[in-house]
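Trainee: Questions regarding the structure given below will be posed in turn.
Every read-out reported here was derived from the displayed coordinates using simple, explicitly stated rules and does not represent laboratory data. Treat the numbers as computed from the prediction; the structure is a model and nothing was measured. We place every Cβ from the backbone using ideal geometry, glycine too, and count neighbours over all the protein chains shown.
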Amino acid sequence: MAKFSFDDPLFAQFAFYSGVVLMKTILMSVWTARHRISSNTYASPEDCKFFGDKDLKPKYDNQNVERVRRCHLNDLENVVPFVLIGVFYVMSNPNPAYALLHFRIFAGARLFHTIAYLAPLPQPSRALAFGAGFLVNVSMAASVIMAGKY
Ligand SMILES: N[C@@H](CCC(=O)N[C@@H](CS)C(=O)NCC(=O)O)C(=O)O
């Protein structure tokens, strides 16, 4: 069966979970914009002029906006590596059940990380969610390095 085709169940599962976490990451921009508009907090003079009144000045210290931005950045630090490593991981012929477990744990951990960050939930809930996703990425990267060693 051709690799990198949706006929390959492992690739289709990887694509599904990648799509979920990438969609979540993309939507963080919308969530940031929502907080910016509701609090009149814009980072650039032209945005202040366009969205606010003419005397509005740029602001960088709104706690809600900054929290969503940190959450978005954390997604970029973890979701982008997941998708990149995952491509090589799927090519390395992993055990399908074990691979699916990796994808599910990662997606669940990242969704929970967002809830924990935005709610916010008391620590160590966010740290545990980050740790679970991080370990999945490390495990997949280790498998890729082992499969690719020369
Ligand atoms: N870039 C991260 C690296 C460590 C990390 O990702 N920690 C997790 C668990 S505490 C986190 O949610 N950090 C908050 C953040 O990135 O804003 C940081 O500055 O904290």
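Trainee: Expressed as an acute angle from 0 to 90° and rounded to the nearest 10, what is the orientation of the C-alpha long axis of helix 125-148 relative to the principal long axis of the chain?
Mentor: Value to nearest ten degrees: 40.
Trainee: When N counts the residues of region 1-53, how does its alpha-carbon radius of gyration compare numerically with 2.2 N^0.38 Å, as a ratio?
Mentor: With N residues counted in region 1-53, Rg over 2.2 N^0.38 Å equals 1.92.
Trainee: Also, quick follow-up: Looking at the chain as a GNM with Cα springs under 10 Å, which of Ile105, Ile37, Ile85 has the largest mean-square fluctuation?
Mentor: Among Ile105, Ile37, Ile85, the largest mean-square fluctuation in the Gaussian network model of the chain belongs to Ile37.
Trainee: Moving on to the next point. Give, to the nearest whole percent, the P(r) tail of region 105-150 beyond 17 angstrom, counting all Cα pairs.
Mentor: 40
Trainee: Another question, if that's okay. Across region 60-74, in residue order, what do the Karplus-derived ³J(HN,Hα) couplings come to in whole Hz, using 6.51 cos²θ - 1.76 cosθ + 1.60 with θ = phi - 60° and x for Gly and Pro?
Mentor: The phi angles translate into 10, 10, 6, 4, 5, 4, 5, 5, 5, 5, 5, 5, 4, 4, 5 Hz.
Trainee: Still on this structure, I have one more. 222 nm [θ] for the chain, helices only, -39500 (n - 2.57) per DSSP H run of 4+, per residue, to 500?
Mentor: Helix-only estimate at 222 nm: -26500 deg cm²/dmol.
Trainee: Out of residues 5 or more away from Ser92 or on other chains, whose amide H comes under 5 Å of its own, with H placed 1.01 Å from N in the peptide plane?
Mentor: Placed amide hydrogens put nothing under 5 Å from Ser92.
Trainee: Round to the nearest 0.05 the FRET efficiency obtained for Asp55 and Leu111 when R0 = 41 Å and r is the Cβ-Cβ distance.
Mentor: 0.50
Trainee: Right, next: Tell me the Kirkwood hydrodynamic radius of the chain in angstroms, computed as one over the mean inverse distance between distinct C-alpha pairs.
Mentor: After inverting the mean inverse Cα-Cα distance, the result is 17.1 Å.
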